DNA sequence: AGTAAATACAACTAGGTAGTAATATAAGAA
DNA sequence: TTCTTATATTACTACCTAGTTGTATTTACT
């Protein structure tokens, strides 16, 4: 296992940061069903073409998605479904956090 | 399980974003051994007091750490060790990504 | 009271980044 | 070739945030 040392912290942070953007999470979710073109992704997420393309570059560079070119079309797909495990973990944390906040509110009444 | 819909994407992204900063990862790593004060954390991570304090607020607000006050000292601790599961997942992805890049380099020779 | 220590907060700066509009590039079709 | 389609890139704006400095707040000690 990689240690969370100074040198690695930046690289790891970069990977987390790539997921720290709503649009990129929506893109990953849209890609969950399978390979998808930029245009389709823009339509599904409601984002602009340029913006979607730029976000896909980030996900590509961080290795979350792969790309396959066919004519003028770029087909993107999830590289490793493990991403969704992370999303589930963070979702679990979210729910626990909400519970915690609810309890705090109750105890303050 | 929470769905990755438009409404949730922002909340989830916020949680990822909180981990997308080297200093905050270093703080979590430092807290791994156990409860720690702000001063100790600043010393261990080499960060300034104000900066460390500010990063801890982010981790606190996102529920990654808890705080306990004692005199003028604030003691911080990990709320849920699941965070490190996420770090391991992202580390695994990092290694796979490096492998992928190495293969690409070799195949391009 | 006065002083020191620990933390939080406010103000500021510099660098980063999301979103958009316009343009560039590339591949087909007419 | 010219037009159209799909994607990537550039330039720009507006906003956000990490880090720093200085200060306020709180507690403990003499």
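No value in this document is a laboratory result; all are computed from the given coordinates. Every value quoted in this text rests on a predicted model; they were computed, and no experiment measured them. Note: ideal-geometry Cβ built from the backbone for every residue, glycine included; neighbour counts use all protein chains shown.
Take the Cα pairs of chain B, get the Kirkwood Rh, then feed it into Stokes-Einstein at 10 °C and 1.306 mPa s and tell me D in µm²/s. Please report the intermediate quantities before stating the final value.
Numbers: Rh = 15.8 Å.
D = 101 µm²/s.
Sort B:29-37, B:66-74 by packing, meaning the average of other beta carbons within 10 Å per residue, with the highest value first.
Values: B:29-37: 15.7, B:66-74: 10.6.
For the peptides B:29-37, B:66-74, the packing ranking is B:29-37, B:66-74.
Compute the helix-to-body angle for A:82-108: its Cα long axis versus the longest principal axis of chain A, expressed 0 to 90° and rounded to tens.
It is inclined by approximately 30 degrees.
What translational diffusion coefficient, to the nearest whole µm²/s, does region A:56-96 have by Stokes-Einstein, given a Kirkwood radius computed over alpha-carbon pairs, a temperature of 20 °C and 1.002 mPa s viscosity?
On the way: Rh = 11.7 Å.
Translational D for this selection: 184 µm²/s.
So for the protein assembly as shown, what are the equivalent ellipsoid semi-axes in whole Å, largest first, each being the square root of 5 times an eigenvalue of the Cα gyration tensor?
Numbers: eigenvalues 235, 93, 35 Å².
So the three semi-axes of the protein assembly as shown are 34, 22, 13 Å.
What does the average come to when, for each residue of peptide A:20-30, you count the partner chain Cβ atoms lying within 10 Å of its Cβ? Don't skip to the answer; put the middle values down first.
Values: counts 10, 6, 12, 4, 3, 9, 5, 1, 2, 6, 1.
Average neighbour count from other chains, rounded to a whole number: 5.
With a cut-off of 8 Å between alpha carbons and a minimum separation of six or more residues, what is the relative contact order of chain B in percent? Write out the running numbers ahead of the final one.
Details: 78 pairs, mean separation 23.5, N = 109.
Dividing the mean separation by the residue count of chain B yields 22 percent.
If you take each beta carbon of peptide B:78-91 and count the beta carbons of other chains within 10 angstrom, what is the mean?
Numbers: counts 0, 4, 6, 0, 5, 3, 2, 4, 9, 8, 3, 7, 13, 8.
Mean shielding count: 5.
Only residues of region B:32-48 count here: report those whose backbone N is under 19 Å from the spot 7 Å along Cα→Cβ of residue A:5, or say none.
B:32-33, B:44-47
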